[in-house]
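The values are calculated or read from the model by the stated rules, or taken from the named source; none is laboratory data. The structure displayed is predicted, hence computed values, not measured ones. Glycine also receives a Cβ, built like all others from the backbone with ideal geometry; neighbour counts cover every protein chain displayed. The protein model used for the area step is the full one, side chains on, heavy atoms only, and it has no ligands, DNA or RNA in it. Shrake-Rupley method; radii C 1.70, N 1.55, O 1.52, S 1.80 Å.
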Amino acid sequence: YCAGLHEPRVLDSFIEVALLKANSLERVLAEGFKVAQRGLIFPHGGLQLTPGVVHTLLHCRIAVGRSFGAESSEVKTASQRCPPGQSPVPAGFDSFRLLDARLPAADEESSSVSRDYYFEYALFRSEAALPTALLACDLRAIPIPRALTMGGEPGAGSSVALADEPIDQALTYWDSEWRVPVSLSDKMVGSHAAGEGASHPLVPICEAARLALGRPTAEPAAVQEYRRCLDAHLATLDGEARTVRENAAQVEGELGRAVERALADLRALAGGKLAAIESEQAEALRQQAAL
């Protein structure tokens with residue numbers, strides 16, 4: 001299917017299984033996705049998950065190809081007007097990108113997920129979506145053992161008694177040796193509670209980020225080349241858009257002048273006809289008065 005795309009663009013999409021409707025998980029795994037009238041809507045980018053619960057996510061590879069930007073209402077109207085079995089996507093494009101897509105969040109003020117990089121795509125071919133993995137994301141807090149011995153093993157007679165309550169799992173520290181973020185849970189009962197990780201120096205993650213931002217790193221050659229390609233493509237598109245606007249303005253001016261000339265000819269023609277009619281009316285009135 002990807003060989004027939006107008007552009008070789010395939011993206012990752014994570015879908016919460018709880019939000020699947022007609023396409024149940026069992027149906028998708030057995031038969032693939034079923035295309036609805038308005039297409040298959042897949043998110044890409046930021047992922048907002050509610051803390052404290054286990055989320056089941058379906059990872060898919062979606063072949064979006066060359067996408068046509070449109071509002072959700074426009075996609076719905078195009079789908080309703082399209083004959084059954086045909087795609088409403090305009091010629092030369094492979095999918096719709098929904099311009100009014102917004103990342104859903106229960107609490108926008110407390111959400112730490114960036115809302116800038118989030119997109120939704122409407123696909124109209126079941127072959128364009130390939131399920132690849134079923135993931136379980138456990139966001140429940142790790143309980144603290146009630147008692148820990150000096151060796152780190154649970155023990156009833158330990159002098160360190162802790163309540164069974166969740167530990168903060170926010171990533172607040174940075175391990176500069178392993179180059180990984182560390183939470184309070186990691187320090188107390190996780191990867192940095194004992195062993196080699198316990199001896200690593202930790203710095204506040206905000207401080208580590210500030211120091212890292214102050215040291216610019218070189219991009220890989222492939223990323224630099226792709227960035228140059230994107231810059232060149234954007235420059236080409238800007239030039240094409242400018243040319244279209246200039247041509248449209250030129251044609252609009254020519255049409256306006258043509259309309260003015262046509263109106264002038266119409267007025268002249270109508271004036272001549274009216275003059276002849278008025279002349280005949282005057283002669284008829286003169287003859288009528290002479291009777």
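Values computed for the structure shown
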| quantity | calculated |
| --- | --- |
| List TYR121, TYR173, TYR1, ordered by accessible area with a 1.4 Å probe, largest first | TYR1, TYR173, TYR121 |
| Anchor LYS21: lysines whose Cα lies under 28 Å away (excluding residues fewer than 8 positions away in-chain) | LYS34, LYS76 |
| Qualifying trypsin sites (Lys or Arg not before Pro) for region 1-79 [loop in DSSP, other Cβ within 10 Å: at most 13] | LYS21, LYS34 |
| Distance (nanometres) between label positions extended 7 Å along Cα→Cβ at ALA136 and ALA222 | 3.3 nm |
| Accessible area in the full protein assembly, largest first, 1.4 Å probe, for SER24, SER79, SER176 | SER176, SER24, SER79 |
| Highest-first arrangement of 95-102, 68-75, where packing means the average Cβ count within 10 Å | 95-102, 68-75 |
